[in-house]
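The values are calculated or read from the model by the stated rules, or taken from the named source; none is laboratory data. What you see is a predicted model; the values in this text were computed from it and never measured. Every residue, glycine as well, gets a Cβ built from its backbone with ideal geometry; the counts of neighbours run over all protein chains shown. Please note that ligands, DNA and RNA were not included when accessible areas were found on the heavy atoms of the full protein model with its side chains. Shrake-Rupley method; radii C 1.70, N 1.55, O 1.52, S 1.80 Å.
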Amino acid sequence: MTLSEEAKDRLADVVELQPTKNAELQDRWGMESGSEVHQYLENELGDYYFRDDNSLIRATAEAAELVDVEPGIESDPDADGAPSKIRVPELQARIVAVLAAPDERSESVVSVLHKLRDEYDIDPDAEDVRSGLQSLRRKGVVEVEYRTVPTFRLAVERDDLEVAVSD
């Protein structure tokens with residue numbers, strides 16, 4: 001299967017963002033709906049992606065070789081499943097930097113938003129912070145605790161995680 005340049009670029013996004021969801025690719029690709037993303041994946045990238053047991057989108061090993069992009073997550077073979085390296089957008093890297101450690105009390109989206117404002121002098125939308133936290137949760141580096149509202153903390157020690165910012 002020969003891929004167009006656009007398809008190769010989008011396949012690189014799948015490799016980089018995995019595990020991901022239709023909505024995350026919809027934002028990245030500027031599409032109108034998750035259905036449009038699903039249709040594109042099936043029609044153009046069907047041989048290069050699959051859905052895992054949680055219905056998250058992942059790239060095949062062949063896809064990772066086809067595009068010259070670092071995978072979104074890498075795990076240390078000696079670790080117990082937690083990733084040792086992640087490639088994420090800048091906002092998510094900043095979230096990792098300010099989020100409560102595994103042994104600290106989990107915190108709300110609003111708390112994380114205030115920490116980002118204080119630490120980096122930025123003002124992201126609360127929904128972007130929530131989305132970033134959920135993406136990091138899917139990657140296995142953030143855990144959620146449900147209290148009155150969902151709260152978050154790192155699932156791994158900050159020193160055990162290498163965070164690279166994707167383009």
In debye, nearest 20, what is the charge dipole magnitude of the chain about its Cα centre with +1 on Lys and Arg Cβ and -1 on Asp and Glu Cβ, if you could check? 600 debye
Whenever you get a sec, compute what percent of the accessible area on the chain sits on carbon and sulfur atoms (1.4 Å probe). 41 percent
Could you list which residues have their amide H under 5 Å from that of Gln18, counting only those 5 or more apart in sequence or on another chain, with H placed in the peptide plane? Gly72
Residue among Trp29, Ile95, Leu41 farthest towards the positive dipole end of the chain, charges placed on Cβ: Ile95
Hey, what's the chain come to in accessible area per residue, 1.4 Å probe, Å²? 55 Å²
Compute the FRET efficiency between Ser4 and Arg137 as 1/(1 + (r/R0)^6), taking r as their Cβ-Cβ distance and R0 = 41 Å, and round to the nearest 0.05. 0.80
Alpha-carbon Debye profile of region 1-134, log10 I(q)/I(0) at 0.16, 0.22 Å⁻¹: -0.92, -1.32
Just need the relative contact order of the chain here, percent rounded to a whole number, with Cα pairs under 8 Å and 6+ apart. 23 percent
Taking region 85-126, how much of its Cα-Cα pair set, in percent, is spaced more than 13 angstrom apart? 52 percent
Share of antiparallel DSSP beta bridges in region 62-167, in percent to the nearest 5? 70 percent
